[in-house]
Amino acid sequence: MSLIVQKYGGTSVADAGCIKNVARRIARTKDEGNQVVVVASAMGDTTDELIALADQLSEKPDNRELDVLLSTGEVVTSTLLAMALHSMGYPAISLSGAQAGIRTDSTYSRARILKIEPKRVVRELEKGNIVIVAGFQGITEDMDVTTLGRGGSDTTAVALAASLGAKECQIYTDVEGVYNVDPRLVPEAKPLGEIHYEEMLELATYGAKVMHPRAVELGELFNIPILVASSFNESPGTLIHGGVAMEVRNKVRSIAHNLDIGKITVVGVPDRPGIAASIFGPLAKAGISVDTIVQNASIQGITDLTFTVFKSDLARAMEVVKPIAAQIGSSKCASDDTLGAVSIIGTGMQNTTGFAARMFNTLSEKKINIQLITTSEIRITCIISADQVKEAVRVLHHAFEIEEE
Ligand code: ADP
Ligand code: ASP
Ligand code: MG
């Protein structure tokens with residue numbers, strides 16, 4: 001008997017009809033002779049609605065209370081799914097993240113899973129139950145409820161798959177797999193048959209919402225094959241795994257975009273050892289992740305330091321950086337929340353000439369100004385104006401003939 005973990009995203013469980021559809025799919029997997037653990041997301045836009053509700057009552061909702069509030073969204077879905085399965089004659093039990101033994105650190109709203117103690121899940125499986133775990137949440141040592149960051153139910157699913165030794169983790173969503181570009185921006189985009197963890201990690205980190213980056217990281221770490229497929233049809237989906245031959249193909253394979261970017265520039269910084277540490281140390285301590293960092297060549301010992309953070313962290317990051325900037329004698333500290341990023345991703349970028357030039361030419365032909373550039377071995381990212389991101393995605397998709405895949 002194989003153990004399969006299936007995760008169903010918000011759109012897949014948006015209403016009672018969708019939940020019945022999902023229950024039928026789960027029942028079929030059980031009928032095929034598998035043990036099934038299901039991870040449920042909150043219904044439709046529930047998480048956004050709960051955040052909006054909290055915002056109506058408080059200017060700055062308390063982090064601990066907010067996490068408990070948001071965790072209820074996935075609890076609702078998991079109980080309803082269990083009821084739907086019961087009414088079809090299947091034994092099923094819902095568990096909150098805490099009941100499923102998901103232990104996290106205490107960083108509210110973006111907690112990390114420290115370990116899973118899946119005793120209860122295993123016991124319920126042994127009794128023959130389908131186990132439905134509320135996604136996106138865990139519990140601290142002090143028994144406080146935490147959430148794992150937006151999109152975090154994917155991470156719950158892969159972490160559970162790893163700790164239970166599941167054969168596969170299946171992520172069911174509202175598109176037919178991982179596409180070479182967001183299918184909402186480029187309707188002719190096609191799902192990929194398979195993709196390597198590394199490439200998927202770049203795609204997810206640089207904006208493809210279809211997988212939570214930390215879920216991909218965990219998949220790679222524990223070597224769990226992840227199937228991304230539609231909950232609405234029987235299309236084969238995309239398998240994310242480590243066996244994809246990466247070296248044989250030297251081309252741009254996918255494009256990611258991201259509108260969640262805030263930029264900070266600290267102007268007139270003295271160019272001496274310790275300055276970067278004095279800025280980035282406190283940011284790290286405040287739990288703010290910094291992505292692109294660029295330091296200009298210094299003129300007469302003075303330079304500018306520019307970096308990006310998530311737009312949602314921009315105000316907090318400015319609160320941290322402003323006093324430090326003043327302390328180190330910077331003349332100005334400016335922020336910009338009108339930016340976005342577009343990335344081309346594919347193997348062999350670093351050792352093949354022409355990718356960067358083609359990307360920059362394509363953007364310049366459309367009069368799209370590039371503000372910052374970053375690269376990895378398999379990615380080139382340009383930070384541009386947010387309102388030009390959609391156009392950039394479309395022209396790059398065409399320029400790199402990604403539709404020929
Ligand atoms: P779920 O609620 O099932 O977790 P998400 O909204 O988090 O679903 O992720 C699915 C969405 O990700 C799709 O509807 C699609 O618009 C978006 N997306 C962005 N880039 C990609 C991509 N490269 N492939 C597939 N979907 C993508
Ligand atoms: N409901 C949460 C969110 O909307 C978690 C998830 O769906 O993965 O971000
Ligand atoms: Mg998601």
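Quick notes on this one:
- Selected residue (only one of S230, S278 is surrounded by fewer than 23 Cβ atoms within 10 Å (Cβ to Cβ), among the small types (G, A, S) and within 16 Å of ligand 3 (Cβ to nearest atom)): S230
- Filtered by the rule that a residue be among the acidic types (D, E), under 16 Å from G219 (Cβ atoms) and more than 8 Å from ligand 1 (Cβ to nearest atom), the range 141-186 gives a lone residue, E168.
- Flag if K167 is at pLDDT below 95 and more than 30 Å from H397 (Cα to Cα): yes
- So I132, is it over 20 Å from R25 (Cα atoms), touching a residue at least 40 places away in the same chain (Cβ under 8 Å) and in contact with a Leu (Cβ under 8 Å, 6 or more places away or on another chain): no
- Taking the numbered list (1) more than 16 Å from ligand 2 (Cβ to nearest atom); (2) touching a residue at least 24 places away in the same chain (Cβ under 8 Å); (3) among the basic types (K, R) in turn, R184 passes all entries but (2).
- Selection within the range 205-223 - touching a helix residue (DSSP H, G or I) at 6+ places or on another chain (Cβ under 8 Å), open to solvent by 10 Å² or more (accessible area, probe 1.4 Å) and modelled with pLDDT of 95 or more: V210, H212, P213, R214, E217, L218, E220, L221, F222
- Against the conditions (1) modelled with pLDDT of 95 or more; (2) outside any loop (DSSP other than H, G, I, E, B), H398 satisfies every one except (1).
- Every pair of residues 6+ apart whose Cβ atoms lie under 7 Å, when the first sits in the range 288-304 and is closer than 14 Å to I275 by Cβ while the second is open to solvent by less than 80 Å² (accessible area, probe 1.4 Å) and of a type in the set (D, E): N296/D304; S298/D271; G301/D271; I302/D271; T303/D271
- Of all residues in the range 263-275, those satisfying the criterion of being open to solvent by less than 30 Å² (accessible area, probe 1.4 Å) and of a type in the set (A, V, I, L, M) are I264, V266, V269, I275.
- Residue identified as of a type outside the set (D, E, K, R) and in contact (Cβ under 8 Å) with a residue 12 or more places away in the chain among L95, L114: L95
- Condition broken by S12, with the remaining ones in (1) among the hydroxyl-bearing types (S, T, Y); (2) within 16 Å of ligand 2 (Cβ to nearest atom); (3) over 21 Å from the mean Cα position of the chain (by Cα) satisfied: (3)
- Residue in the range 134-148 that is outside any strand (DSSP E or B) and of a type in the set (S, T, Y) present: yes
- Across the range 287-314, the number of residues qualifying as under 27 Å from the mean Cα position of the chain (by Cα), aliphatic (A, V, I, L, M) and open to solvent by 40 Å² or more (accessible area, probe 1.4 Å) comes to 3.
- Residue check: P191 meets all listed conditions (1) at pLDDT below 95; (2) away from ligand 2 (no atom under 16 Å from the Cβ); (3) open to solvent by less than 40 Å² (accessible area, probe 1.4 Å); (4) not acidic (D, E) but one, namely (3).
- Applying the criterion of at least 1 residues that are touching a strand residue (DSSP E or B) at 6+ places or on another chain (Cβ under 8 Å) and among the acidic types (D, E) to the helices (runs of 4 or more DSSP H) found wholly in the range 149-265 leaves 153-164, 197-205.
- All positions within the range 127-154 that are more than 8 Å from ligand 2 (Cβ to nearest atom), within 25 Å of D45 (Cβ to Cβ) and crowded, with 24+ Cβ neighbours inside 10 Å: I132, V133, A134, Q137, G138, T146
- Answer residue from the range 171-184, given it is open to solvent by 20 Å² or more (accessible area, probe 1.4 Å) and in contact with a helix residue (DSSP H, G or I) (Cβ under 9 Å, 6 or more places away or on another chain) and is nearest to ligand 3 (Cβ to nearest atom) among those: T173
- Being more than 16 Å from ligand 2 (Cβ to nearest atom), more than 18 Å from the chain's Cα centre (by Cα) and closer than 25 Å to V342 by Cα is a description that does not apply to K167.
The values are calculated or read from the model by the stated rules, or taken from the named source; none is laboratory data. This one's a predicted model, so the numbers in the text were calculated from it and none came from an experiment. Note that each Cβ is placed from the backbone with ideal geometry, even for glycine, and that neighbours are counted across all protein chains shown. When the accessible area is computed, the model is the full protein with side chains, heavy atoms only, and any ligands, DNA or RNA have been set aside. Shrake-Rupley method; radii C 1.70, N 1.55, O 1.52, S 1.80 Å.
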